[in-house]
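A short write-up of the structure that comes next.
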Amino acid sequence: MSKELVLKTLKEIRAFQDPYRQQIIRVLDRLGRPATAKQIADILGEPPSKVHYHVKVLEDHKILTLSHTENVNGIIARFMEITHDSIKILRPEDDKGRDEVYSMIENRFDDMKYNFISRLKEIPTRCEGEGANGILKSGTIYMTEEEAKELEFFIEERTRKSRQFQNDENYCGWDVYMAMVRIKK
């Protein structure tokens, strides 16, 4: 898996930001392993043909890649995986493109807000020990460009490494949402 994919064109950004495709990416991310369109469809409760179409779009834009194939009951099953550790979007130069990207970001924040509230509602009690079911904080951190990259890397690494504990009863899962924007000086 390579480190970072930068989406530059509006077509690439649209392919990535499509809400249904975001669900597919989240399923693969949560699984932490390659999966077939059929496996993803079963998790989403959707028809495999619909998932296959969207997986193909993500593959065409190099957001997903073929991990390997297996012969399953005489059918060649294609196992897909997320191509990059992180995907970044370059802001388009034209006004129409910028407005569309801003709208996509707004939708992403709405999705995160909905997910956060849904998670809070579904948890009857908190995990054992100190702490709450959810934490919501905001603030300004003054740091160098290098320190900002270190913070981003820390969260990505921690997310990836923690998958090994998802079935361990001593660990609670935490959805983490990160948004950083530079303050104009």
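The values are calculated or read from the model by the stated rules, or taken from the named source; none is laboratory data. Predicted model only: the values in this text are computed from it and were never measured. Reconstructed Cβ throughout: ideal geometry from the backbone, glycine too, with neighbour counts over all protein chains shown.
Among the residues making up segment 52-75, those that are farther than 14 Å from PRO34 by Cβ and out of contact with any Phe, Trp or Tyr (no Cβ under 8 Å at 6 or more places or on another chain) are HIS52, TYR53, LYS56, VAL57, ASP60, LYS62, ASN71, ASN73, GLY74, ILE75. On inspection, ILE141 fails the criterion of being of a type outside the set (D, E, K, R) and touching a strand residue (DSSP E or B) at 6+ places or on another chain (Cβ under 8 Å). Within segment 81-110, the residues that satisfy the criterion of being under 18 Å from ASP18 (Cα atoms) and touching an Asp or Glu at 6+ places or on another chain (Cβ under 7 Å) are ILE82, HIS84, SER86, LYS88. Reported count of residues in segment 131-175, each being under 15 Å from GLY32 (Cβ atoms) and in contact with a helix residue (DSSP H, G or I) (Cβ under 7 Å, 6 or more places away or on another chain), is 2. When the residues of segment 1-47 are filtered to those that are surrounded by 15 or more Cβ atoms within 10 Å (Cβ to Cβ) and of a type in the set (Asp, Glu), the one that is nearest to MET104 (Cα to Cα) is ASP18. With respect to the conditions (1) touching a helix residue (DSSP H, G or I) at 6+ places or on another chain (Cβ under 7 Å); (2) closer than 18 Å to GLN23 by Cα; (3) not small (Gly, Ala, Ser), PHE116 lacks only one, and its number is (1). Note on segment 1-22: among residues that are among the charged types (D, E, K, R) and farther than 23 Å from ASP94 by Cβ, the one that is modelled with the lowest pLDDT is LYS3.
Where strands (runs of 3 or more DSSP E) fall entirely within segment 35-117, those with at least 2 residues that are within 29 Å of LYS149 (Cα to Cα) and free of Cβ contacts under 8 Å to residues at least 24 places away in the same chain are at 64-72. Scanning segment 159-185 for residues that are free of Cβ contacts under 8 Å to residues at least 60 places away in the same chain and hydrophobic (A, V, I, L, M, F, W, C) yields PHE165, CYS172, TRP174, VAL176, MET178, MET180, VAL181, ILE183.
When every residue of segment 9-20 is checked against the conditions, at least one turns out to be within 20 Å of ARG160 (Cβ to Cβ) and in contact with a helix residue (DSSP H, G or I) (Cβ under 9 Å, 6 or more places away or on another chain).
So, in segment 38-88, exactly how many residues are in contact with a His (Cβ under 6 Å, 6 or more places away or on another chain) and more than 29 Å from PHE153 (Cα to Cα)?
Of the residues in that region, 0 qualify.
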